[in-house]
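In what follows, a single structure is set out as structure tokens and then discussed.
What follows draws every value from the coordinates through simple rules; no lab data is involved. Everything numeric in this text was worked out from a predicted model, so none of it was measured. Glycine also receives a Cβ, built like all others from the backbone with ideal geometry; neighbour counts cover every protein chain displayed.
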Amino acid sequence: MCHGFTGSPQSVRPWAAYLADRGLTVALPLLPGHGTRWQDMQITTWQDWYAEVDRELRALTERCSKVFVCGLSMGGALALRLAAKHGDAISGVAVVNPANKLHDAAAPLLPVLRYLVRTTKGVVSDIAKPGAQEVGYERVPLHAADSLRRFFGQVDSELPGVTQPLLVMTSPQDHVVPAADSERILARVSSTDVRQTLLERSYHVATLDHDAEQIFRDTFAFIARLAPEAADAAQEGTAASGGA
């Protein structure tokens, strides 16, 4: 399970916990340069972020008979690249508000701007639910933003290599990643088993928002449909809890 750019596992931990509570093995890595201070992102690139989730995936494939990849925002792009690269080793992909492009008007200038301006204001806690907050950086190093721009271009070119069953969960009211990114992803992947659900009451960080429970339920149902043993494990866990 992959978190987003400048964020941390905190943004997807309830999602991971829901699946773990139903007997699934869940890996929730902290991406390099994240979860500490924004200055640490200055020395990381998209290759570092991808390498971390790739390592976690390889470890899971040694322990689990079926592996699914999930992600929020940039984490969705990481999950899609894993799917494109690892093929049959991945049984399915579930993403929430997956990012496909930097939409800021200054994005094309980042290769130059990153040498002139060190940081820009970050975007965190785009959440409709009162009181819910995302832990993330308040500043974004332009070096990292430019690397993110290049990463999105790389992933976009690889989307036709995604053939696995795909669940895309999209917030129409997202103020960070427009719903058009989800539509482009759906149009470019080669998956034939594709499902999309709309998160009508949530903003970008929907995993902490009003529709979080819908995300959790839909993801588990998606996994259980493709890996019936997951549903069996959940039922056994429920029975054990009831008998305790």
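Please go through region 30-60 and give me each residue that is surrounded by 14 or more Cβ atoms within 10 Å (Cβ to Cβ) and among the hydroxyl-bearing types (S, T, Y), ordered by number.
Of everything in region 30-60, those that are surrounded by 14 or more Cβ atoms within 10 Å (Cβ to Cβ) and among the hydroxyl-bearing types (S, T, Y) turn out to be T44, T45, Y50.
Being of a type in the set (A, V, I, L, M) and surrounded by fewer than 22 Cβ atoms within 10 Å (Cβ to Cβ) is the filter; apply it to region 90-109 and report the residue that is farthest from C70 (Cα to Cα).
Of the residues in region 90-109, the ones of a type in the set (A, V, I, L, M) are 90, 93-96, 99, 102, 105-107, 109.
Within this subset, residues satisfying the condition of being surrounded by fewer than 22 Cβ atoms within 10 Å (Cβ to Cβ) are 102, 105-107, 109.
Values: L102: 21, A105: 29, A106: 29, A107: 26, L109: 31 Å.
It comes out as L109.
What pairs can you find where one residue is in region 30-54 and free of Cβ contacts under 8 Å to residues at least 24 places away in the same chain and of a type in the set (V, I, T), the other is surrounded by 15 or more Cβ atoms within 10 Å (Cβ to Cβ) and assigned to a helix (DSSP H, G or I), and their Cβ atoms are less than 9 Å apart, with a gap of 6+ or different chains?
Qualifying pairs under 9 Å: I43/H143.
State which residue pairs qualify: first residue more than 15 Å from K129 (Cα to Cα) and inside region 170-184, second residue surrounded by 15 or more Cβ atoms within 10 Å (Cβ to Cβ) and β-branched (V, I, T) in any location, beta carbons under 7 Å apart, and separation of 6 or more residues or different chains.
Short answer, once both residue conditions are applied: V176/V123; A179/T170; S182/V168; S182/T170.
Anything in region 1-28 that is within 26 Å of K121 (Cβ to Cβ) and either among the basic types (K, R) or in a loop (DSSP other than H, G, I, E, B) (or both)? List them, or say none. Working first, answer last.
Applying the first criterion (within 26 Å of K121 (Cβ to Cβ)) to region 1-28 yields 2-13.
Within region 1-28, H3, G4, F5, T6, G7, S8, V12, R13 qualify.
Collect the residues in region 131-190 that are among the aliphatic types (A, V, I, L, M), in contact with a Lys or Arg (Cβ under 8 Å, 6 or more places away or on another chain) and part of a helix (DSSP H, G or I), keeping them in residue-number order.
The answer is L142, A145, V155, L159.
What is the one condition in (1) surrounded by fewer than 17 Cβ atoms within 10 Å (Cβ to Cβ); (2) farther than 17 Å from S73 by Cβ that Q214 does not satisfy?
Answer for Q214: the failing condition is (1).
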